[in-house]
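Taking it in order: structure first as structure tokens, then the write-up.
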Amino acid sequence: MGATIEALASRLGGSVSGRRVLVRSDLNVPLDGERITDDGRIRASVPTIEELVEAGARVIVMAHLGRPKGAPDPAYSLKPVSARLGELLGRPVAFATDTVGESARGVVAGLADGDVALLENVRFNPGETSKDDAERGAFADQLAALGDAFVSDGFGVVHRKQASVYDIAKRLPHAMGELVRTEIEVLRKLTESPERPYVVVLGGSKVSDKLAVIDNLLGKADKLLIGGGMVFTFLAANGHEVGKSLLEEDQVETCREYLQRSRDTGVEIVLPTDVLVAPEFKAEAPATTVAADAIPADQIGLDIGPASAKAFAAEIRQARTVFWNGPMGVFEFEAFSGGTRAVAQALTEVDGLSVVGGGDSAAAVRQLGFAEDAFGHISTGGGASLEYLEGKNLPGIDVLDD
């Protein structure tokens, strides 16, 4: 019996069989029309649902997709997700066309032991994301009326104080799902007792998204490797021309302070020595390798250069613990995917714990053809992972600790 079942069973008088269990999953997958382009999060949600099904629970899955404005929007319907979830589970998944209305109540009433249902996008209800405690609580009351217990298994949303993540746990017997449990265990290894050398690789477009995690990790990691669009703000902080590359001018001074702190503390911030540039942001734009301190004024940096990719890979391979969040360049364009590919390949060769920190990094390893089991752990929640590494409390985790 898994930990999720044990925890719930003890709160429900010994068994989950026949009980209606609401599961908050993270099914926020990219869609091209109704075609799912990356089903990684759906696959990650399956083990906890299967565990409950095998124990005879009546499983009611809650999730969101995208950012609808608190009202139904066909572009963000979970209907395509319900079909894919059914394929992965090998059983039909009943789909409710609303969140807590007539369809939801009818679908739930029709469940037998071991059946699975998926409610429509919880963000179609304004109460899900409301900042007003009463409005959010009223929606949580309606959700809670559909079930007997709650399992939190959507790690990608545990940093949000939302009705289906936070408030519902105050209303029903609850437990942590296996996915969330695994994510927290891995993050604790990164923050409390990492094996050294501990290397952190940060990329992505904006340095402002990563400021707090850089600030916190300057006291914990041994080396920080910086790539992606965010690197140009660091290069500007060193006084270099960055051409038409992405630059957050209001963060230059902060980056300058971090570089000074790295010199003071001995935690090395490693920047690229070369960069792949192009005259415009296009897949077919001609790529040129230039020194990182000699980017032409009329060019835009789109990837770390080959020498930097080789150097980053060498740093990663000699580490015992690696956390990576954010691609090194525009990996969606083949000509500018080399840096991200080199980092991903090196992570598969780490003799220790390698963690891919969700979001675009997780999408990149799948798009570039890497086997998921080649990595120690691929997180399903980039934002939640970063907030944990920043030292923040995660409301969706804290509410389960009672």
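Within the range 156-193, count every residue that is open to solvent by less than 20 Å² (accessible area, probe 1.4 Å) and in a helix (DSSP H, G or I).
Residues that pass the stated criteria total 11.
Considering each of 288, 348, 321, 380 in turn, give the residue that is at pLDDT 95 or above, polar (S, T, N, Q) and in contact with an Asp or Glu (Cβ under 9 Å, 6 or more places away or on another chain). Write out each step before concluding.
On the way: 288 fails: in contact with an Asp or Glu (Cβ under 9 Å, 6 or more places away or on another chain); 348 fails: in contact with an Asp or Glu (Cβ under 9 Å, 6 or more places away or on another chain); 380 fails: at pLDDT 95 or above.
After ruling out the rest, the residue left standing is 321.
Do we find a residue being of a type in the set (Phe, Trp, Tyr) and open to solvent by 70 Å² or more (accessible area, probe 1.4 Å) anywhere in the range 280-294? So that I can check it myself, show each step before the final result.
Just the residues of the range 280-294 that are of a type in the set (Phe, Trp, Tyr), to begin with: 281.
If we keep only those that are open to solvent by 70 Å² or more (accessible area, probe 1.4 Å) as well, we get 281.
Within the range 280-294, one or more residues are of a type in the set (Phe, Trp, Tyr) and open to solvent by 70 Å² or more (accessible area, probe 1.4 Å).
For residues in the range 221-254 being among the hydrophobic types (A, V, I, L, M, F, W, C) and over 19 Å from residue 307 (Cα atoms), which is surrounded by the most Cβ atoms within 10 Å (Cβ to Cβ)?
Residues of the range 221-254 among the hydrophobic types (A, V, I, L, M, F, W, C): 221, 224-226, 230-232, 234-237, 242, 246-247, 252.
Filter once more, keeping what is over 19 Å from residue 307 (Cα atoms): 221, 236-237, 246-247, 252.
Values: 221: 26, 236: 19, 237: 20, 246: 18, 247: 18, 252: 19.
The selected residue is 221.
Among the residues of the range 119-137, how many are surrounded by 16 or more Cβ atoms within 10 Å (Cβ to Cβ), in a helix (DSSP H, G or I) and not acidic (Asp, Glu)?
5
How do the strands (runs of 3 or more DSSP E) wholly within the range 1-118 filter down when requiring 2 or more residues that are free of Cβ contacts under 8 Å to residues at least 60 places away in the same chain and open to solvent by 20 Å² or more (accessible area, probe 1.4 Å): which remain? Let's see the steps before the verdict.
Values: elements: 20-24, 58-62, 93-95, 116-118.
So the answer is 93-95.
Give the residue that is farthest from residue 203 (Cα to Cα), with candidates limited to residues of the range 354-373 that are open to solvent by 40 Å² or more (accessible area, probe 1.4 Å) and not in a loop (DSSP other than H, G, I, E, B). Let's see the steps before the verdict.
So in the range 354-373, the residues open to solvent by 40 Å² or more (accessible area, probe 1.4 Å) come out as 360, 366-367, 369, 371-373.
Now narrow it down to the ones that are not in a loop (DSSP other than H, G, I, E, B): 360, 366-367, 372-373.
Working: 360: 10, 366: 17, 367: 17, 372: 20, 373: 22 Å.
Within the range 354-373, the match that is farthest from residue 203 (Cα to Cα) is 373.
Only one residue in 348, 321, 340 is open to solvent by 30 Å² or more (accessible area, probe 1.4 Å), on the phi < 0 side of the Ramachandran plot, in contact with a helix residue (DSSP H, G or I) (Cβ under 8 Å, 6 or more places away or on another chain) and of a type outside the set (Asp, Glu), so which one is that?
Values: 321 fails: open to solvent by 30 Å² or more (accessible area, probe 1.4 Å); 340 fails: open to solvent by 30 Å² or more (accessible area, probe 1.4 Å).
Step by step, each of 348, 321, 340 is checked, and only 348 is open to solvent by 30 Å² or more (accessible area, probe 1.4 Å), on the phi < 0 side of the Ramachandran plot, in contact with a helix residue (DSSP H, G or I) (Cβ under 8 Å, 6 or more places away or on another chain) and of a type outside the set (Asp, Glu).
Please go through (1) within 24 Å of residue 197 (Cβ to Cβ); (2) of a type outside the set (Val, Ile, Thr); (3) open to solvent by less than 60 Å² (accessible area, probe 1.4 Å) for residue 261 and return the number of the only condition it doesn't satisfy.
(3)
Evaluate the range 278-296: report whether one residue or more is under 27 Å from residue 384 (Cα atoms) and either assigned to a helix (DSSP H, G or I) or under 27 Å from the mean Cα position of the chain (by Cα) (or both).
Restricting attention to the range 278-296, the residues satisfying the condition of being under 27 Å from residue 384 (Cα atoms) are none.
There is no residue in the range 278-296 that is under 27 Å from residue 384 (Cα atoms) and either assigned to a helix (DSSP H, G or I) or under 27 Å from the mean Cα position of the chain (by Cα) (or both).
Can you give me the number of residues within the range 194-210 that are in a loop (DSSP other than H, G, I, E, B) and buried (at least 24 other Cβ atoms within 10 Å of the Cβ)? Full working, then the answer.
Of the range 194-210, the ones in a loop (DSSP other than H, G, I, E, B) are 194-197, 203-206.
Checking the rest, the ones that are also buried (at least 24 other Cβ atoms within 10 Å of the Cβ) come to 203.
Of the residues in the range 194-210, 1 are in a loop (DSSP other than H, G, I, E, B) and buried (at least 24 other Cβ atoms within 10 Å of the Cβ).
For residue 204, state whether it is in contact (Cβ under 8 Å) with a residue 60 or more places away in the chain and under 20 Å from residue 315 (Cα atoms). Reasoning before the result, please.
Numbers: in contact (Cβ under 8 Å) with a residue 60 or more places away in the chain: yes; under 20 Å from residue 315 (Cα atoms): yes.
So residue 204 fits the description; yes.
The values are calculated or read from the model by the stated rules, or taken from the named source; none is laboratory data. Please read these numbers as outputs of a predicted model, since none were measured by experiment. Cβ atoms come from the backbone with ideal geometry, glycine included; neighbour counts cover every protein chain shown. Only protein heavy atoms, including side chains, enter the accessible area calculation; ligands, DNA and RNA are left aside. Shrake-Rupley method; radii C 1.70, N 1.55, O 1.52, S 1.80 Å.
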